[in-house]
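Just below is one structure, and these are the notes that go with it.
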Amino acid sequence: MTVDVAPADSPHIDEGASPRRGARLVGVLGQLGQLVAVLFAVSLLTFLLLDALPGSAVDARIGPLPNFSPEERAELVASMSKQLGLDKPLAWQYVIWVKNAFTGDFGLNYQGIEVRDVVGERLAPTLQLGIASIIISTVGALLISLLGFRTRWRALRAGIQGTATVLLVVPAFWLGLILVIIFAAELGWLPSAGYVSFSDDPGENLRFLVLPAVTLALPQLALFYRYLDAGLRDTSTAPFVTASRARGLSERGVAYRHILPNAILPTITVIGLVAGSLISGLVIVESVFSWPGLGLLLVDSVKAKDYNTVAAIVLLTAFAYVVVAFMVDVAYRLLDPRTRRQS
Amino acid sequence: MSAFIAAIRRQPAPLLAGLAILTPFLVMCVFPGLLAPYEPLKIEALPLLGPSREHLLGTDEIGRDLLSRCIYAARTDIFVSLAAAAVAFVIGTAIGLFSGYIGGRVDTVTMRLIDVLLSFPTIVLALFLITIFGREQWVQILAIGLVMMPSTARFSRGEGLVLRGRGYVEASRISGGSRWHILVKHVLPNSLATLLVAASVLASSAVLISASLSYLGLGAQPPEPSWGNMLRAAYGVVYDAPLYGVGAGVCISLVAGAYILIGEGLRRKFRNDRNVGTLSSSIGGL
């Protein structure tokens, strides 16, 4: 994912140019209608790409179906073509597809199993891993940026900043390998890959969770840290901070009561956008650690050319992103009274 | 000569550091045979040897020299990432500058479309495109380029908007310059400094995305070496040869880091002309 933040010095750029996606989606044009329009466009684009499949779309989308005889398969292809309205105009086909998608019906995967069921059983592991990583990165970034901000040791601060920068160019599969070498191969503390469900064995589940969650969290942590650190430093020179110092507040009080709440605001947007596009990281991390979530399913489906499953995951993750971006924007408005006054 | 050295010393340190890191990789990319001690596909020794004087990075699971494979991998990795960054840059800036400069309804519609593209998570969209259009190298290049394009368009649109109000643009308009003339002769050259900074960040993201795809087994296919597929192989033998993937991993980080350094260097170099945003303003994570 890509996070854009407006250059600090862009007075010429009008409201519409603010590259904060959440703010663009909703703040500028306003309402839920906009959200619906984007969702519509996202689904249309997914449908059109799916329609661009070479050959007969249904034939390609149904896959080899090992459990079916050739006759049964041909029959299924014929009934699916009719069901999907392939004899009708493209627009009508889209309507059918979207209607099915909204009721959770994405058709069968290449083995003849309902895509809905296949995707459904991957949701819990993915959500567990994703939420764990966001908690680790948010709490970690907050603690580390405060440490860097309040410490008197310049070396410590420079070290933190350097590490955060380096983490931006260490892709997850390389970071994961380093962690596996240290904690699985050398020290033997944690398993190198695999998954045990929480209901089977909570302790083992958490042991398997540690490495993937940390691998996913560290690059996020570095990103959040950079925003928090910039926010803390910008805010610390603001007039209201000087004013509260002048009123005799302790350094500690100034830092926690006045600087921190204001510095956190821009970071909330970034955290939200990262949370919304977590799937990008999950794709890699789940493949690295054989974690049976949506990301691993996506990669396996791409390799198997399982179009229906891929389309379902693409649509689901794009929707998740748009909805989360919308919620972040709403949260931002609630938290920052200034944005309410503007609009 | 001394004037040349003086000119070099005036350049910002990150720019020089970035170029110093990148140059050997560009040499590897064009003339891998010059630097590689062995053939990348030939079995030279016992499998999974640790680093030694003969094989500086050790050997892989069938006894090929890992250093040579890392060097030959630069050819694919750097070519794919630069080509993809070029695709994103050319299409993105063309759309962005045009949309920002024209403004009005055209701009609104274009930016809504860009928003829609931005709603697809990067890797997911790339994987979707590869599923549909195949795994060939050109599909990969276009897929990576297309997923990075929207953020480039967004960024350069800001430039177009800013430049639209500049005096020299107005002067050209008043003296009868056509839209096309103004875009090509005034807007493009004057935004180039800023856009170059964005381009180097693009190149960095492209390296990471293309390595991710080949890590997932959707990039260069074995036996052809790529840094991503070497790291994938490294996981399989992590208990027997823990250092197997280190070379490939370091290569990815060095190249991605070099581009970011170059971008930061260019930013400092151009800062005197005009403020061009901060490093984090244009950086893209995965």
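Here are a few things to note about the model shown:
- Going from the chain on its own to the full set of protein chains, the range B:162-200 has these residues losing 30 Å² or more of accessible surface (heavy atoms, 1.4 Å probe, no ligands, DNA or RNA): B:VAL162.
- Among the protein heavy atoms of the protein assembly as shown, carbon and sulfur supply 65% of the accessible surface, probe 1.4 Å, non-protein parts ignored.
- Measuring only protein heavy atoms, the 1.4 Å probe finds B:VAL27 accessible over about 50 Å².
- Between the alpha-carbon centres of the range A:156-189 and the range A:267-302 there is a gap of 19 Å.
- Buried solvent-accessible surface, both chains (B, A), 1.4 Å probe, Å² to nearest 100: 5500 Å²
- Taking A:ALA141, A:ALA246, A:ALA312 in turn, the Gaussian network model of chain A (Cα-Cα springs below 10 Å) assigns the largest fluctuation to A:ALA246.
- Of the residues A:GLU204, A:GLU251, ranked by 1.4 Å probe accessible area with the largest first, the sequence reads A:GLU251, A:GLU204.
- Take B:LEU231: with every protein chain present and a 1.4 Å probe, its accessible area is about 0 Å².
- Pairwise centroid distance, computed over Cα atoms, of the range B:158-176 with the range B:44-117, Å: 35 Å
- Basic side chains Lys and Arg get +1 at the Cβ, acidic Asp and Glu get -1 at the Cβ, and with that the dipole of the range A:117-342 about its Cα centre reaches some 1480 debye.
- Chain B - accessible surface per residue (Å², probe 1.4 Å): 41 Å²
- Net charge dipole size for the protein assembly as shown [Lys, Arg +1 and Asp, Glu -1 on Cβ; Debye, nearest 20]: 3020 debye
- Surface calculation, 1.4 Å probe, protein heavy atoms: A:LYS305 sits at approximately 100 Å² accessible.
- Hz values of 3J(HN,Hα) by residue in the range B:133-146 - Karplus curve (6.51, -1.76, 1.60), Gly and Pro given as x: 9, x, 9, 5, 4, 5, 5, 4, 4, 5, 4, 5, x, 5
- For the range B:233-261, accessible area lost to neighbouring protein chains reaches 50 Å² or more, against the chain alone with a 1.4 Å probe, at B:TYR235, B:VAL238, B:TYR239, B:PRO242, B:SER253.
- The GluC sites (Glu not before Pro) of the range B:26-121 include none that meets both conditions, a loop assignment by DSSP and at most 11 other Cβ atoms within 10 Å of the site Cβ.
- In chain A, a dipole from Cβ-located charges (positive for Lys and Arg, negative for Asp and Glu) runs towards its positive end, and of A:ASN262, A:LEU297, A:LEU187 it is A:ASN262 whose Cα lies farthest in that direction.
- 1.4 Å probe accessible area per residue over chain A, in Å²: 46 Å²
- Here's the picture: charge each Lys and Arg Cβ at +1 and each Asp and Glu Cβ at -1 in the range A:117-342, and of A:THR242, A:ALA158, A:LEU282 the one pushed furthest to the positive end of that dipole is A:THR242.
- For the range B:79-179, the Cβ-based charge dipole about the Cα centre amounts to some 260 debye (Lys, Arg positive; Asp, Glu negative; other atoms uncharged).
- A:LEU90, B:LEU97, ranked by accessible area, largest first (probe 1.4 Å): A:LEU90, B:LEU97
- Listing of the range B:97-135 residues, each with accessible area lower by at least 50 Å² in the full protein assembly than in the chain alone (probe 1.4 Å): B:ARG112, B:VAL116, B:LEU118, B:SER119, B:PHE120, B:PRO121, B:VAL124, B:LEU127, B:PHE128, B:THR131, B:ILE132
- Signed unit charges on C-beta, dipole axis of chain B, positive-most listed residue B:LEU163, B:PRO51, B:ALA17: B:LEU163
- Full-stretch length increase - B:GLN11, B:ARG271 - with 0.36 nm per residue and alpha-carbon distance subtracted: 92.4 nm
- A:ASP51, B:ASP240, A:ASP117, reordered so the largest accessible area comes first (probe 1.4 Å): B:ASP240, A:ASP117, A:ASP51
The values are calculated or read from the model by the stated rules, or taken from the named source; none is laboratory data. Everything numeric in this text was worked out from a predicted model, so none of it was measured. A quick note on method: Cβ atoms are made from the backbone with ideal geometry, for glycine too, and the neighbour counts reach across all protein chains shown. Protein only, heavy atoms only, side chains kept; ligands, DNA and RNA dropped before computing areas. Shrake-Rupley method; radii C 1.70, N 1.55, O 1.52, S 1.80 Å.
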